[in-house]
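Trainee: Sharing a structure below in structure tokens format, with a few things to ask.
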Amino acid sequence: MLIGAHMSIAGGVYNAINHGVEKKCTAIQMFTKSSNQWKAKTLQKEEIEKFHELKERTGMFVVAHDSYLINLGTPKKALLEKSRAAFLVEMERCDTLGIPYLVMHPGSHTGAGEETGLDIIVDSINWLHERTEGGQVMICLETTAGQGTNLGYNFEQLAYLINNADQNERLGVCMDTCHIFAAGYDIRTKKAYNNTMKQFDEKIGIDRLKVFHFNDSKKDLGQKVDRHAHIGEGFIGKEPFGYFLNDKRINKLPFLLETPKGEDGEMDDINLNILRSLIKK
Ligand SMILES: [Zn+2]
Ligand SMILES: [Zn+2]
């Protein structure tokens, strides 16, 4: 199975794979560039080759996450242009590195209203798809907690984006357990889990799911606040992660932690071991 965590690229993009190997991950998530800067240092040939070599040798499944500065739903012209250009660079970097999925937070309307924001995101996706014709990377819209003016906090909004975008066969979804829970989708019992997945399937279709972010939540159901907790230490609890891991419809997909790492990453070991212990043989 594909289980892992978000890993740092400090010192070179290939280091994310090295960290994953250290933690016995079969999948990792990484940024393809510094996540809190607009500028991207050009990837050097040597760095690219080393990344491919490591990825092939270890069989690591790699997912990328976009920079936090990017807002593809902003009504502000200058920021929108900057965001689209930066996201395009990230898509190109994913193709260079052979990374199949680029997870992104759909965007924030920052006061312009939800409908306006959603339409701007659709335009952004079209803009990007037009410029990456023949590209391999798939944009994965992440479910959000709905904090502030963040869009994508319910399945209807994600469905709207998918249904209205051109080339929507190139769109997938990343489900974040903390975010859906904070947005009001219960998963704490098997019955609640089944109901949430059924809603997802009806609104979007389970086939759209490509990636999972596994985080417990420091905030209770429906609080619309995005605070990640260690597995089993938040309001979701340990057991529900087993519902996902043992669900045959989705258990070939990558399950990735985005939880605090603690010193020397020892919290990754603890969280990953909890996840592994929940898999039924
Ligand atoms: Zn996430
Ligand atoms: Zn989050």
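Trainee: R0 = 35 Å: FRET efficiency of residue 77 with residue 279, Cβ-based, nearest 0.05?
Mentor: For residue 77 and residue 279, the calculated efficiency is 0.15.
Trainee: Testing the spin-label approximation: label points 7 Å from Cα along Cα→Cβ at residue 166 and residue 58. State their distance in nm.
Mentor: 3.9
Trainee: To continue, here is another question. Taking only the C-alpha atoms, wrap a convex hull around segment 64-178 and report its volume per residue in Å³ as a whole number.
Mentor: Cα convex hull per residue, to the nearest whole number: 90 Å³.
Trainee: Let me check the size of segment 1-145 from its C-alpha atoms; what are the radius of gyration and Dmax in Å?
Mentor: Every Cα atom of segment 1-145 included, Rg and Dmax give 15.7, 48 Å.
Trainee: Taking a 32 Å limit on the Cα-Cα distance, which of the listed pairs 24/210; 33/190; 219/280; 24/190 fall beyond it?
Mentor: On the way: 24/210 21 Å; 33/190 39 Å; 219/280 28 Å; 24/190 29 Å.
Violating the 32 Å limit, Cα to Cα: 33/190.
Trainee: In percent, how large is the relative contact order of segment 1-106, given Cα pairs closer than 8 Å and 6 or more residues apart? Don't skip to the end; give the middle numbers.
Mentor: On the way: 159 pairs, mean separation 27.3, N = 106.
Taking the mean separation of contacting Cα pairs over the length of segment 1-106, I get 26 percent.
Trainee: In whole angstrom, how far apart do the alpha carbon centroids of segment 245-263 and segment 89-105 sit?
Mentor: Centre-to-centre (Cα) distance: 20 Å.
Trainee: Here's something else I'd like to know. For the chain, what is the mean residue ellipticity at 222 nm derived from helices alone (per DSSP H run of n ≥ 4: -39500 (n - 2.57); sum divided by total residues; nearest 500 deg cm²/dmol)? Spell out each step's value before the answer.
Mentor: Values: 9 runs with 110 residues, N = 281.
The per-residue figure over the chain is -12000 deg cm²/dmol.
Trainee: Can you give the Kirkwood hydrodynamic radius for the chain, in Å, rounded to one decimal and based on Cα pairs?
Mentor: 18.9
Trainee: Can you give the FRET efficiency for residue 85 and residue 50, using 1/(1 + (r/R0)^6), R0 = 25 Å, r = Cβ-Cβ distance, to the nearest 0.05? All intermediate terms of the calculation are to be shown ahead of the outcome.
Mentor: On the way: r = 27 Å, r/R0 = 1.08.
My answer for the efficiency is 0.40.
Trainee: Let me ask something else. Take residue 270 and residue 239, extend 7 Å from each Cα along the Cα→Cβ direction, and tell me the distance between the two endpoints in nm.
Mentor: According to this spin-label approximation, the distance is 2.2 nm.
Trainee: Still on this model: Once the other residues with Cβ under 14 Å from the Cβ of residue 86 are scored (Lys, Arg +1; Asp, Glu -1), what is the net sum?
Mentor: Here the charged neighbours net out to +3.
Trainee: Same structure, new question: Across segment 199-207, in residue order, what do the Karplus-derived ³J(HN,Hα) couplings come to in whole Hz, using 6.51 cos²θ - 1.76 cosθ + 1.60 with θ = phi - 60° and x for Gly and Pro?
Mentor: For segment 199-207, the Karplus-derived couplings read 4, 4, 5, 5, 7, 10, x, 4, 5 Hz, x marking Gly and Pro.
Trainee: For segment 119-277, what number results from the quotient of the Cα radius of gyration and 2.2 N^0.38 Å? Intermediate values should be presented prior to the final figure.
Mentor: Details: Rg = 16.0 Å, N = 159, 2.2 N^0.38 = 15.1 Å.
In units of the 2.2 N^0.38 Å rule of thumb, it is 1.06.
Trainee: Output ³J(HN,Hα) for segment 92-97: one whole-Hz value per residue in order, computed from phi by the Karplus curve 6.51 cos²θ - 1.76 cosθ + 1.60 with θ = phi - 60°, and x for Gly and Pro.
Mentor: 5, 5, 4, 5, 4, 8
Trainee: Compute the distance in nm between two label points, each set 7 Å from the Cα along the Cα-to-Cβ direction, one at residue 131 and one at residue 68.
Mentor: With each label placed 7 Å out from Cα toward Cβ, I get 2.4 nm.
Read the figures in this text as sums done on the coordinates, not as results from a lab. What you see is a predicted model; the values in this text were computed from it and never measured. Every residue, glycine as well, gets a Cβ built from its backbone with ideal geometry; the counts of neighbours run over all protein chains shown.
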